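Take a look at this one; I'll ask things after.
The values are calculated or read from the model by the stated rules, or taken from the named source; none is laboratory data. What you see is a predicted model; the values in this text were computed from it and never measured. Positions of Cβ are generated from backbone atoms using ideal geometry, with glycine treated the same way; all protein chains shown enter the neighbour counts.
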Amino acid sequence: MNRKEIFSLLILIVVVSYGAYKYFTREYTEIRSKYLLDTIVEISATSKSKNVSSEIEKTFNFIQDFESKFNEYDPTSLLAKINSSEEEHFVMDPDLYELLVIADSLWQMTDGSFDPTIKPVWDLWNFGAEEPAIPDSLLMKAELEKVDFSRLVYDKEQLYKPQGMQITFGALAKGYILDKALDYMKQRHLLKGFINSRSSMAFFGYKISPLVYIQHPRKADDSIASFKVNNLSIGTSGDYQQYFEEDDQRYHHILNAHTGLPVQNIFSVTVVAEKAVWADGLSTALFTLDPQQALEKVRTMPNTNTVIYYLQDDAIFSLKTEGMKSLNFNENL
């Protein structure tokens, strides 16, 4: 075999090897969306199998099963049955227990300004109605008497809930379900992916960290900041998500449980954490605190960062933890 033939053989070996490498390392990526969790949920997944789309559908079904447990407006759900029951003692559900433990921590952290038993007061505002309105003050005062997380007594076996008290996991359930769904995707041997449910996002497996944006609180089609994340979750609470305006005053869905009124002078809180349930819950809980106090709370938490946008001197200002720098945080105030 002469030199030219040897060279041609080497080229052939390289081409065949490269082709084999591409064949055995090939990946398939799909992105699909579906209306779940009271919003549009988008799932992206990458797999070595061509059937990646079916894996996404299975994940949607998984999410739907969890939603049917904690949808407080579905009378057949676990949570709705507890809220409407005349009983006071209930057999504990494992997922319910986990959510109560996290809610308890956030309630204590905020000295009660975040309270999952706020539901009777929250319902008075009718944020989902065509014509929401400010509730009657006397009616709100009466409903506020039902709000007190400390009156719940629970352990891994049972829950005691006084009659008339109602629980909402609107600030936690979405993140909790995203965590469970992400674990499910990993168990299905998907290589990488994300779940985006508007106010909550979770990512895993990317070699290059995806770029995400924080919505501008007063410009619907614009962003106010961006950063990169991977194997982390993001939760954002904003006064622009559910609100109405009356007499030039904005009334939004994030209430201080002490007053029953929307928190004033905070535009949005974004939290980056390892678990979506904590990112989700913290973004709402911190919203009920003074911005500087909220920042100090996060500084004591490992692997957790936040960005808070608030009103000062008729302008938008921000506070952020130092760790946001490592996420290539870029701001456009």
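Scanning segment 249-262 for residues that are surrounded by fewer than 19 Cβ atoms within 10 Å (Cβ to Cβ) and not basic (Lys, Arg), which turns out farthest from Lys119 (Cα to Cα)?
Initial filter on segment 249-262 (surrounded by fewer than 19 Cβ atoms within 10 Å (Cβ to Cβ)): 249-250, 258-259, 261.
Filter once more, so that each one left must be not basic (Lys, Arg): 249, 258-259, 261.
On the way: Gln249: 23, His258: 13, Thr259: 13, Leu261: 13 Å.
The selected residue is Gln249.
Tally up the residues in segment 215-246 that are hydrophobic (A, V, I, L, M, F, W, C), modelled with pLDDT under 95 and surrounded by 15 or more Cβ atoms within 10 Å (Cβ to Cβ), please.
Let us first name the residues in segment 215-246 that are hydrophobic (A, V, I, L, M, F, W, C), namely 220, 224-225, 227, 229, 232, 234, 244.
Checking the rest, the ones that are also modelled with pLDDT under 95 come to 220, 244.
With surrounded by 15 or more Cβ atoms within 10 Å (Cβ to Cβ) added as a condition, the list becomes 244.
The number of residues fulfilling the criteria is 1.
Let me ask another. Check segment 99-107 and report whether any residue there is of a type in the set (A, V, I, L, M) and either in contact with an Asp or Glu (Cβ under 8 Å, 6 or more places away or on another chain) or assigned to a loop (DSSP other than H, G, I, E, B) (or both).
Scanning segment 99-107, I find no residue that is of a type in the set (A, V, I, L, M) and either in contact with an Asp or Glu (Cβ under 8 Å, 6 or more places away or on another chain) or assigned to a loop (DSSP other than H, G, I, E, B) (or both), so the answer is no.
Which residue pairs have Cβ atoms closer than 7 Å, lie 6 or more positions apart in sequence or on different chains, and pair a first residue in segment 46-63 that is touching a residue at least 40 places away in the same chain (Cβ under 8 Å) and surrounded by 14 or more Cβ atoms within 10 Å (Cβ to Cβ) with a second residue that is in a helix (DSSP H, G or I) and of a type in the set (Ser, Thr, Tyr)?
Pairs that qualify, where the first residue is touching a residue at least 40 places away in the same chain (Cβ under 8 Å) and surrounded by 14 or more Cβ atoms within 10 Å (Cβ to Cβ) and the partner is in a helix (DSSP H, G or I) and of a type in the set (Ser, Thr, Tyr), are Thr59/Tyr184; Phe62/Tyr184.
Look through segment 122-171, keep the residues that are among the basic types (Lys, Arg) and assigned to a loop (DSSP other than H, G, I, E, B), and return whichever of them is farthest from Arg250 (Cα to Cα).
If we filter segment 122-171 for residues that are among the basic types (Lys, Arg), which is where we start, we get 141, 146, 151, 156, 161.
With the extra rule that they be assigned to a loop (DSSP other than H, G, I, E, B), the set shrinks to 146, 156, 161.
On the way: Lys146: 26, Lys156: 41, Lys161: 33 Å.
Once the filter is applied, the top-ranked residue is Lys156.
Quick test of your reading of the structure: Phe90 fulfils all but one of (1) at pLDDT 95 or above; (2) of a type in the set (Phe, Trp, Tyr); (3) within 16 Å of Ala173 (Cβ to Cβ). Name the failing condition by number.
All conditions pass for Phe90, except number (3).
Could I ask something else about it? If I go through segment 116-146 residue by residue, how many of them are within 23 Å of the chain's Cα centre (by Cα) and either in contact (Cβ under 8 Å) with a residue 40 or more places away in the chain or surrounded by 15 or more Cβ atoms within 10 Å (Cβ to Cβ) (or both)?
Residues meeting the conditions: 11.
From the residues in segment 73-89 that are surrounded by 12 or more Cβ atoms within 10 Å (Cβ to Cβ) and touching a residue at least 60 places away in the same chain (Cβ under 8 Å), which one is nearest to Tyr154 (Cα to Cα)?
So, considering only residues that are surrounded by 12 or more Cβ atoms within 10 Å (Cβ to Cβ) and touching a residue at least 60 places away in the same chain (Cβ under 8 Å), the one nearest to Tyr154 (Cα to Cα) is Glu88.
Which pairs have Cβ atoms under 6 Å, sit 6 or more apart or on different chains, and link a residue in segment 27-38 that is among the hydrophobic types (A, V, I, L, M, F, W, C) to one that is part of a strand (DSSP E or B)?
Ile31/Ser44
Any idea which of (1) in contact with a helix residue (DSSP H, G or I) (Cβ under 7 Å, 6 or more places away or on another chain); (2) surrounded by fewer than 22 Cβ atoms within 10 Å (Cβ to Cβ) is the one Met185 doesn't satisfy?
Of the numbered conditions (1) in contact with a helix residue (DSSP H, G or I) (Cβ under 7 Å, 6 or more places away or on another chain); (2) surrounded by fewer than 22 Cβ atoms within 10 Å (Cβ to Cβ), the odd one out for Met185 is (2).
With the structure loaded, tell me whether Phe169 is buried (at least 22 other Cβ atoms within 10 Å of the Cβ), within 26 Å of Trp107 (Cβ to Cβ) and of a type in the set (Phe, Trp, Tyr) or whether it fails that test.
It is true that Phe169 is buried (at least 22 other Cβ atoms within 10 Å of the Cβ), within 26 Å of Trp107 (Cβ to Cβ) and of a type in the set (Phe, Trp, Tyr).
Any residue that is among the hydroxyl-bearing types (Ser, Thr, Tyr), farther than 14 Å from Thr110 by Cα and at pLDDT 95 or above - is there at least one of those in segment 267-285?
yes
In segment 172-198, how many are hydrophobic (A, V, I, L, M, F, W, C), under 21 Å from Asn51 (Cα atoms) and either free of Cβ contacts under 8 Å to residues at least 24 places away in the same chain or not in a helix (DSSP H, G or I) (or both)?
4
Restricting segment 214-251 to residues that are in a strand (DSSP E or B), without any contact (Cβ under 8 Å) to a residue 60 or more places away in the chain and not polar (S, T, N, Q), which is farthest from Glu130 (Cα to Cα)?
Out of the qualifying residues, it is Ile234.
Do we have any residue at all in segment 134-156 that's closer than 30 Å to Glu296 by Cβ and among the small types (Gly, Ala, Ser)?
yes
Here's something else I'd like to know. Within segment 273-297, can you find the residues that are under 19 Å from Asn230 (Cα atoms) and surrounded by fewer than 24 Cβ atoms within 10 Å (Cβ to Cβ)?
Hits for segment 273-297 are Glu274, Lys275.
Out of (1) surrounded by 13 or more Cβ atoms within 10 Å (Cβ to Cβ); (2) in contact with a Ser or Thr (Cβ under 6 Å, 6 or more places away or on another chain); (3) under 22 Å from Lys275 (Cα atoms); (4) at pLDDT 95 or above, the odd one out for Ile40 is which?
(1)
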